[in-house]
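Notes for the one structure printed next.
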Amino acid sequence: MGRILAIDYGRKRCGIAVTDILQISANGLPTVRSCDLIPFLKEYCEKESVDKFIVGEPKDLKGNPSESMRYITPFLNKLKKDFPDIPVEMYDERFTSAIAHQEMIAAGFKKKDRQQKGKADEMSAVLILTSYLQSLSIRGPEDLG
């Protein structure tokens with residue numbers, strides 16, 4: 001069994017999270033510049049087995065794709081082309097940035113630390129992956145395919 005890797009894709013930086021090998025818990029990886037993401041993923045996949053990529057799907061409050069999809073779509077196409085054997089799945093990322101900031105406050109992060117956007121991106125990826133894993137346990141993996 002390989003890991004599930006989640007990506008909170010942004011125009012400048014990407015938050016990344018991965019599961020443990022049993023696909024039970026999510027842990028953040030260092031934030032990566034968007035322009036360096038594909039090389040980072042290639043290097044990571046050489047070292048670790050990855051069963052699936054989960055990419056945060058930005059939606060507006062009505063559930064429609066947000067304008068951010070215009071720069072995420074080219075990334076998705078490249079991801080699928082460069083990793084043809086690893087399935088890619090989109091997962092709703094609404095409110096993850098706001099929740100990440102609230103989690104940082106609750107965890108006692110100082111204001112200076114909360115202003116580090118990379119940390120919030122990492123936490124957003126962890127939230128996306130945690131939510132995805134919870135949905136698997138509720139619905140079962142066969143329902144999400």
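The values are calculated or read from the model by the stated rules, or taken from the named source; none is laboratory data. It should be emphasised that the depicted structure is a prediction, and the values quoted were computed from it without experimental measurement. Side chains included, ligands, DNA and RNA excluded: accessible areas come from the protein's heavy atoms. Shrake-Rupley method; radii C 1.70, N 1.55, O 1.52, S 1.80 Å.
Things to note:
- Segment ILE21-THR73, length gained on full extension (0.36 nm per residue, minus Cα span): 15.9 nm
- Counting 0.36 nm for each residue step from ASP36 to MET1 and taking away their Cα separation leaves a gain of 9.9 nm.
- Segment 1-68, accessible surface, carbon-and-sulfur percent (1.4 angstrom probe): 50 percent
- Cα-based shape type of segment 1-65, given that a ≥ b ≥ c are square roots of the gyration tensor eigenvalues and the cut on a/c is 1.5: oblate
- Of ILE86, ILE4, the order by accessible heavy-atom surface (1.4 Å probe, DNA, RNA and ligands excluded), from most exposed downward, is ILE86, ILE4.
- Taking amide H atoms as placed 1.01 Å from N in the peptide plane, the amide H of SER66 lies under 5 Å from those of LYS59, ASP60, each 5 or more residues away in sequence or on another chain.
- Remark: segment 27-44, residue by residue, has Karplus-estimated 3J(HN,Hα) of 10, x, 10, x, 5, 10, 4, 4, 5, 9, 5, 4, x, 4, 5, 4, 5, 5 Hz, where x stands for each Gly or Pro and the curve is 6.51 cos²θ - 1.76 cosθ + 1.60 at θ = phi - 60°.
- Over 21 Å between alpha carbons, listed pairs LYS12/LYS52; LYS12/LYS78; LYS12/LYS47; LYS52/LYS81; LYS42/LYS78; LYS52/LYS78: LYS12/LYS52; LYS12/LYS47
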